[in-house]
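Trainee: Here you go, one structure.
The values are calculated or read from the model by the stated rules, or taken from the named source; none is laboratory data. A quick note: this is a predicted structure, and the numbers were derived from the prediction, not measured. Cβ coordinates were reconstructed from backbone atoms using ideal geometry, including for glycine residues, and neighbour counts include every protein chain displayed.
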Amino acid sequence: MDYTRRRFLHTSLSALAGAAATGLWPMPGLAATEQRVELVAQESRINLGRGPDFTAYAFNGQTPGPVIRVREGQRLNISLKNRLLRPTTIHWHGLPVPNSMDGVPDVTQAAVPPGESFSYRFRARPAGTYFYHSHFGYQLDQGLYGALIVEPTRPVGGWDREEVLLLADWVVADGGGTATVPRRSPMGGMMGRGMMGRGMMGRGMMGRGMRRGTLPPDGPLTEPYYQGYAVNGHLYPSGPPIRVKKGDKVRLRLINASSSTTYDLCLAGHRLTVLALDGQDVTPKTFDVVRLAMGERVDVEFVADNPGAWLLQAHDTGLGESGLAVAVVYQGRQNSPPKGPRFHPGLSLATYWDLAAARPKAHPAGNPQRWYRQVLSGGMHSPYWSINGRLYPDSERLSAAPGEKVRLSYFNRSMIAHPMHLHGHFFRVVNYALPPERWLVKDTAIVEPMRRLDVEFVADNPGNWFHHCHNLYHMEAGMANLVTYTRA
Ligand SMILES: [Cu+2]
């Protein structure tokens, strides 16, 4: 399918205008210069289009924060101003930035104290769909994130519209995901109403209603029961629909900025062609359903060849009122009620094993120089989540010398999936059905319950790098360690 060259000139002028209005679109001809962006982290009153106003953390008063768009290779200079009452940082999820710019508190920098600023400066590359988010405490679940799009130097185009859709799970109450609301127990059951620590209460008082023991007073939070799932800060049906006309070729850049929710997404009346995973091109292939775990991105396209009003909807996040959905409405069909997809076992789901890197990308042959077994466990009778039985920061270090090939073999010994994320590098998802140069290039990979998954990366970006589960509540409960560089 020739999706790359067709109608390049028609590409999304409205999206351009929208981005220009926020001042974050790179000016033509300035690729060699530095693009400056200011992100102010502050508490803001927000509304998701349904339900009450509440206080969340936001960049520039909005959540998600502004879309940052930049050309591949362009220098970014992003000034973070912290107007919160707590320290904060920003992590550039998926981008292999220099270690000192990676935004992990106590690993790559001291967290930015309230009232102070920090400048993140790096070159944006390679092209792809990324996002930025706070890496401090539970701030990711409180609203501190936004999309980061790196455009290729030579635009491929071919789409009549492009939409960036950032997906987030929300507790519609002051504090967002750290609000005092019923929480799930580590087993997935109800835990009773805990008074969540770290906020106004200082220390947690969880335990009432728990059947198994009590949590330590300074123990980690467990995930809340989310009340809504937003697309670009809107709970359906409040958000703007994606407007198309018959014949349009539409590209969607889907980003899962949720703290604890994986989505299986289906567009009623259409199929979705996967173009890229974690911003890196794959050989295009068409499916009914795409799965997106926390921290993952998927670029898909569809051809608008079935006029009507439809829903792009997630399975299993609650139906109708609380589920994740966005309408896709054809010209002239504004008054039709959108029709949702019907999920059934006959639908095809895009898995890692169905996809391959678009162009063969070199990956060193032979055995890895370092091979680490990573046993992922927790959740049974305990609020903690571990790698090889150890909790961050007391976890082991994974060392590598520059240029070495490192294999991580994940063994998930728990009943829940873990999207494992490595900072500062892309890894390849080991797939013996393909030659290594076609293995998927990713930075976050789902390790399904009770399954094994192997990834390999080349140690080509020196520093101390965080490696963790991108379920925020698992990460904060210990499921993390560090990759550190040694001399060869
Ligand atoms: Cu996890």
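Trainee: Inspect the range 449-462 for any residue being β-branched (V, I, T) and within 11 Å of the ligand (Cβ to nearest atom) and give the result as yes or no.
Mentor: Within the range 449-462, none of the residues are β-branched (V, I, T) and within 11 Å of the ligand (Cβ to nearest atom).
Trainee: For the range 435-455, state whether one or more residues are basic (K, R), crowded, with 20+ Cβ neighbours inside 10 Å and more than 18 Å from R291 (Cα to Cα).
Mentor: yes
Trainee: For S100, state whether it is within 26 Å of A480 (Cα to Cα), hydroxyl-bearing (S, T, Y) and surrounded by fewer than 20 Cβ atoms within 10 Å (Cβ to Cβ).
Mentor: So S100 passes the test.
Trainee: Only one of R71, R123 is crowded, with 18+ Cβ neighbours inside 10 Å and under 23 Å from L277 (Cα atoms); which?
Mentor: R71
Trainee: Of all residues in the range 109-163, how many are in a loop (DSSP other than H, G, I, E, B), more than 30 Å from A358 (Cα to Cα) and more than 20 Å from the chain's Cα centre (by Cα)?
Mentor: 6
Trainee: So L80 clears everything in (1) more than 13 Å from H133 (Cα to Cα); (2) part of a strand (DSSP E or B) except one condition, right? Which one?
Mentor: All conditions pass for L80, except number (1).
Trainee: Just to check your reading of the model, which residue among S79, S100, S44 is modelled with pLDDT of 95 or more, closer than 26 Å to K442 by Cα and of a type in the set (S, T, N, Q)?
Mentor: S100
Trainee: Filter the range 393-409 for residues that are surrounded by fewer than 21 Cβ atoms within 10 Å (Cβ to Cβ) and either part of a loop (DSSP other than H, G, I, E, B) or within 16 Å of the ligand (Cβ to nearest atom) (or both) and give the result.
Mentor: Passing the criteria: P393, D394, S395, E396, A401, P402, G403, E404.
Trainee: Right, next: Do you know which residues across the range 86-126 are touching a strand residue (DSSP E or B) at 6+ places or on another chain (Cβ under 8 Å), of a type outside the set (S, T, N, Q) and over 15 Å from G424 (Cα atoms)?
Mentor: The answer is P87, A111, V112, P113, P114, G115, E116, F118.
Trainee: Just wondering, is there one or more residues in the range 431-438 that are assigned to a loop (DSSP other than H, G, I, E, B), of a type in the set (S, T, N, Q), more than 13 Å from the ligand (Cβ to nearest atom) and within 28 Å of G103 (Cβ to Cβ)?
Mentor: no
For every residue, the table says whether it meets (1) over 22 Å from the mean Cα position of the chain (by Cα); (2) under 17 Å from K361 (Cβ atoms).
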| position | (1), (2) |
| --- | --- |
| P402 | yes, no |
| Y410 | no, no |
| H418 | no, no |
| V430 | no, yes |
| P435 | yes, yes |
| K442 | no, yes |
| I446 | no, no |
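Trainee: Condition first: assigned by TED's automatic domain parsing to the domain that holds M415, closer than 17 Å to R297 by Cα and in contact with a strand residue (DSSP E or B) (Cβ under 6 Å, 6 or more places away or on another chain). Can you find one or more residues in the range 469-485 that meet it?
Mentor: yes
Trainee: Within the group S382, S414, which residue is outside any strand (DSSP E or B) and buried (at least 20 other Cβ atoms within 10 Å of the Cβ)?
Mentor: After ruling out the rest, the residue left standing is S414.
Trainee: What residue, among those in the range 417-430 that are hydrophobic (A, V, I, L, M, F, W, C), assigned to a strand (DSSP E or B) and more than 16 Å from the ligand (Cβ to nearest atom), is surrounded by the most Cβ atoms within 10 Å (Cβ to Cβ)?
Mentor: F427
Trainee: Which numbered condition in (1) out of contact with any His (no Cβ under 8 Å at 6 or more places or on another chain); (2) more than 20 Å from I242 (Cα to Cα) is the only one that Q331 fails?
Mentor: Just one mismatch for Q331, condition (2).
Trainee: Quick check, is D305 closer than 25 Å to H470 by Cβ and either more than 21 Å from the chain's Cα centre (by Cα) or at pLDDT 95 or above (or both)?
Mentor: When the stated conditions are applied, D305 does not pass them.
This table checks each residue for (1) among the aromatic types (F, W, Y); (2) assigned to a strand (DSSP E or B).
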site	(1), (2)
G65	no, no
R86	no, no
W92	yes, yes
S100	no, no
A168	no, yes
